[in-house]
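As structure tokens, the structure follows; a few thoughts come after it.
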Amino acid sequence: MTIIFVCLTPLPLSLNLCMHIAMQHVDVFINRSLSLSRSSAESENVTTVTAFILLGFTEKPELCPFFSVIFLLLYVLTVLGNGWMVTLIRAEQHLHTPMYFFLSNLSVLDLCYSSVIAPKALEVHLYWGRASLSLPACATQMFCFTMLVTAECFLLAVMAYDRYMAICHPLTYALLMTHGRCTCLVLGAYCCGLLGSLIQTSGAFRLSHCGPNRINHFFCDIPAVLKLSCSDTWLSEVILFVSTSIIAVVTTTVISISYTQVLLNVLRSHTGQGRRKALSTCTSHLTTLGLFYGTAIFMYAQPRTKAGSQDQDKVVSMFYTLVIPMLNPLIYSLRNKDVKEAMKHLRSRKILDLFMK
């Protein structure tokens, strides 16, 4: 019955409903898993933490209203932009191609992981110092966010491969990149995200939390939660490092090889028009890649001994969790001729429908 209701709901609302239902099921699973570690800690007479308090940017309470407005504005723009992009691609028949199929899934991922972060971040700054998050809820938020971001890494690699096939093998592109194969590639990205999230989240919450419960962040990020553990975090840090390294190496290798081949193919093209057309189709994707991977590298590769690095981490985290998902629809629509034409066609079609009525 739930599935039928979700399918009949308008698309942007349906996506949020799907996320809410998924988070409920994940929360039940994680709650059962955490109860085992809690019972073992209680058997050892150790006081366990049952809830975390997110601090966000509340070191200066007078700035909380400002950050509340910022989080709300970014989230509303993200929902409107990505919801419009998905609706436009579904409504316009000439956008039913592999490239826009992947782009619509990118918008879905951006919309979903912003929905995991933004509402709680808004609550943190509306009720500063009093916004608590239970241990299962924190684990659920971490699991969903990690899964969606990891899936986006693999989806960006799939999009790079798609551009390689379209530009370097144009004659066989339609035969090779069928709808079934594109669907399998997207499902593979989601499966990789699910596996990576299970490994990283279980590595973080296999530890005992019996000390401080105040997370100096606006969401349950893995490094921030590990800092509060009273257990030895060495193994969890190794798991996190190895899993993120594998994800980074695999995706960046696919992206680098794909765009190297694209660049060589473009340089071999004898016509200036062919070069401009090939480069224009890749510019938006390269811009998204630069923003996403640039902030991720800045976030996780910088030295942790700098003073004030926690505040800097929160600013960078806000950029890649909320700002980039808001910018992606603008990047792909402002620099994309097909999307501009689809928007004009959809507007003209709505106007004609009004006159027909």
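The values are calculated or read from the model by the stated rules, or taken from the named source; none is laboratory data. The structure displayed is predicted, hence computed values, not measured ones. Glycine gets a Cβ as well: all are built from the backbone with ideal geometry, and neighbour counts include every protein chain shown. Keep in mind that these areas ignore ligands, DNA and RNA; they rest on the heavy atoms of the full protein, side chains included. Shrake-Rupley method; radii C 1.70, N 1.55, O 1.52, S 1.80 Å.
All conditions in (1) out of contact with any Gly (no Cβ under 9 Å at 6 or more places or on another chain); (2) of a type in the set (Ser, Thr, Tyr); (3) within 26 Å of Val69 (Cα to Cα) hold for Thr146, with the sole exception of (1). Test Cys192 against the stated conditions and say whether it is assigned to a loop (DSSP other than H, G, I, E, B) and of a type in the set (A, V, I, L, M, F, W, C). The answer is no for Cys192.
Within region 157-166, does at least one residue satisfy the condition of being basic (Lys, Arg), under 19 Å from Val225 (Cα atoms) and either in a helix (DSSP H, G or I) or in contact with a helix residue (DSSP H, G or I) (Cβ under 8 Å, 6 or more places away or on another chain) (or both)? Within region 157-166, not a single residue is basic (Lys, Arg), under 19 Å from Val225 (Cα atoms) and either in a helix (DSSP H, G or I) or in contact with a helix residue (DSSP H, G or I) (Cβ under 8 Å, 6 or more places away or on another chain) (or both).
So that you can scan it fast, the table gives a plain yes or no per residue for (1) open to solvent by less than 40 Å² (accessible area, probe 1.4 Å); (2) of a type outside the set (A, V, I, L, M, F, W, C):
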residue	(1), (2)
Leu175	no, no
Thr178	no, yes
Gly196	yes, yes
Thr201	yes, yes
Ser208	no, yes
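Taking into account only those residues within region 220-244 that are open to solvent by 50 Å² or more (accessible area, probe 1.4 Å) and of a type outside the set (A, V, I, L, M, F, W, C), which is farthest from His209 (Cα to Cα)? Here the answer is Thr244.
Only one entry of Pro65, Pro61, Pro98, Pro10 meets the criterion of being over 15 Å from Ser114 (Cα atoms), modelled with pLDDT under 70 and not polar (S, T, N, Q), and that entry is Pro10.
The numbered conditions (1) open to solvent by 40 Å² or more (accessible area, probe 1.4 Å); (2) in contact with a Cys (Cβ under 6 Å, 6 or more places away or on another chain); (3) of a type outside the set (Val, Ile, Thr) are all true for Asn213 except (2). Taken as a whole, region 120-134 holds no residue that is assigned to a loop (DSSP other than H, G, I, E, B), over 29 Å from Ile70 (Cα atoms) and not β-branched (Val, Ile, Thr). Just to verify a result, which residue in region 115-143, among those that are in contact with a Ser or Thr (Cβ under 8 Å, 6 or more places away or on another chain) and surrounded by 24 or more Cβ atoms within 10 Å (Cβ to Cβ), is nearest to Ala248 (Cα to Cα)? Of everything passing the filter in region 115-143, Phe143 is nearest to Ala248 (Cα to Cα).
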